[in-house]
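Heads up, the thing below is written out as structure tokens.
The values are calculated or read from the model by the stated rules, or taken from the named source; none is laboratory data. This is a predicted model, so every value here is computed, not measured. Glycine gets a Cβ as well: all are built from the backbone with ideal geometry, and neighbour counts include every protein chain shown.
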Amino acid sequence: MEYLFDTANIGAIKKYGEFIPITGVTSNPSIVKKEGKIDFFAHMREIRSIIGLDKTLHIQVTAQDYEGMMKDAEAILKNVDDQVYIKVPVTLEGLKVIRKLHGRGVNTTATAIYTKMQGFLAMEAGADYIAPYYNRMENMGIDAKDVVGSFAKMIRDYGYSTKILAASFKNMGQVNEAFMAGAQTATMGIDIIEGAFSMPSIQQAVDDFTEDWKSVFGDQLIMDL
């Protein structure tokens, strides 16, 4: 399993990167909007400097037509670095972009996936990652587990090198379901991670351990013995 942060917040990446063994960072225009009017390329270069080249950085194009998306991709590769995974929504125009970038050896992440057809075609187009929107599918009455499972089966059966980068979650339970269905990777907002560790029972267990220790050894810690 691989975990990624779905955020462009520098502080959050620095803070939680100390605790969570992530393999990369994803972003999209809606996530970037939360950071305000930033110097976009400088901001993304700073994220890269934090996570390093050994982790994946996924940046989404903003244009909707083939020519525009290709120009966006070229600008990202030129102004951030050539190891970035270019995120491309799986529309007809997007599939054309993925095929072209794949042919040039550029890393690609197919995103905004709601259907099996989108994922299957993105695999065939050469996408390195496909990003099914888990919670959004569930909200639309689509069986997200079945969709992710179908992608995993096709990857196994046909030997695609594509990885499933599950996205769009409302809680860690959905993340776990995606992994169980066959996703190799998942990207999540910081709120999902905070929520997973905010269960009162977790802190209660730790507090109980502490009190039991103190009942015998007082305020002495193991290091003090």
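When residue 210 is tested against (1) assigned to a helix (DSSP H, G or I); (2) among the β-branched types (Val, Ile, Thr); (3) surrounded by 21 or more Cβ atoms within 10 Å (Cβ to Cβ), exactly one condition is not met: (3). Quick test of your reading of the structure: residue 127 fulfils all but one of (1) touching a strand residue (DSSP E or B) at 6+ places or on another chain (Cβ under 9 Å); (2) surrounded by fewer than 24 Cβ atoms within 10 Å (Cβ to Cβ). Name the failing condition by number. It fails just one condition, (2).
Per the listing 116, 33, 71, the residue uniquely of a type outside the set (A, V, I, L, M, F, W, C), in contact with a helix residue (DSSP H, G or I) (Cβ under 7 Å, 6 or more places away or on another chain) and either at pLDDT 95 or above or surrounded by fewer than 19 Cβ atoms within 10 Å (Cβ to Cβ) (or both) is 116.
Of everything in the stretch 13-22, what is surrounded by fewer than 17 Cβ atoms within 10 Å (Cβ to Cβ) and of a type outside the set (Asp, Glu)? Give them in sequence order.
To start, the set of residues in the stretch 13-22 that are surrounded by fewer than 17 Cβ atoms within 10 Å (Cβ to Cβ) comprises 14-21.
Result: 14, 15, 16, 17, 19, 20, 21.
Is it the case that some residue within the stretch 151-161 is assigned to a helix (DSSP H, G or I), closer than 30 Å to residue 34 by Cβ and of a type outside the set (D, E, K, R)?
Here is the first cut: in the stretch 151-161, the residues assigned to a helix (DSSP H, G or I) are 151-158.
Then drop every residue that is not closer than 30 Å to residue 34 by Cβ, which leaves 151.
Then keep just the ones that are of a type outside the set (D, E, K, R); that gives 151.
Yes, the stretch 151-161 contains a residue that is assigned to a helix (DSSP H, G or I), closer than 30 Å to residue 34 by Cβ and of a type outside the set (D, E, K, R).
Screening residue 119 against (1) outside any helix (DSSP H, G or I); (2) of a type outside the set (Val, Ile, Thr); (3) in contact with a Ser or Thr (Cβ under 9 Å, 6 or more places away or on another chain) leaves a single unmet condition, (1).
Residue pairs whose Cβ atoms lie under 6 Å apart, separated by 6 or more positions or on different chains, with the first residue in the stretch 62-90 and under 24 Å from residue 114 (Cβ atoms) and the second basic (Lys, Arg) and in a helix (DSSP H, G or I), are 66/96. Against the definition (touching a residue at least 12 places away in the same chain (Cβ under 8 Å), over 18 Å from residue 193 (Cβ atoms) and either touching a helix residue (DSSP H, G or I) at 6+ places or on another chain (Cβ under 6 Å) or aromatic (Phe, Trp, Tyr) (or both)), how does residue 57 come out, yes or no? Yes, satisfied. Taking the criterion of being outside any helix (DSSP H, G or I) and either over 19 Å from residue 188 (Cα atoms) or in contact with a His (Cβ under 6 Å, 6 or more places away or on another chain) (or both), the residues of the stretch 122-148 that qualify are 126, 127, 140, 141, 142, 143.
Within the stretch 172-198, restricting attention to residues that are part of a loop (DSSP other than H, G, I, E, B) and over 20 Å from residue 15 (Cα atoms), which residue is farthest from the chain's Cα centre (by Cα)? Talk me through it step by step, then tell me what you get.
Applying the first criterion (part of a loop (DSSP other than H, G, I, E, B)) to the stretch 172-198 yields 182-184, 189, 197-198.
Now restrict to residues that are over 20 Å from residue 15 (Cα atoms): 182-184.
On the way: 182: 15, 183: 11, 184: 11 Å.
Only one residue fits best here, namely 182.
Table: residues versus (1) of a type in the set (Asp, Glu); (2) under 27 Å from residue 55 (Cα atoms).
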| residue | (1), (2) |
| --- | --- |
| 143 | yes, no |
| 152 | no, yes |
| 164 | no, yes |
| 169 | no, yes |
| 178 | no, yes |
| 188 | no, yes |
| 195 | no, yes |
| 220 | no, no |
| 223 | no, no |
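Take the conditions (1) in a helix (DSSP H, G or I); (2) buried (at least 19 other Cβ atoms within 10 Å of the Cβ); (3) touching a Phe, Trp or Tyr at 6+ places or on another chain (Cβ under 8 Å); (4) not charged (D, E, K, R); residue 59 misses just one of them, which is (1). Out of all the residues in the stretch 90-102, is one or more hydroxyl-bearing (Ser, Thr, Tyr), in contact with a Leu (Cβ under 7 Å, 6 or more places away or on another chain) and not in a helix (DSSP H, G or I)? No: zero hits.
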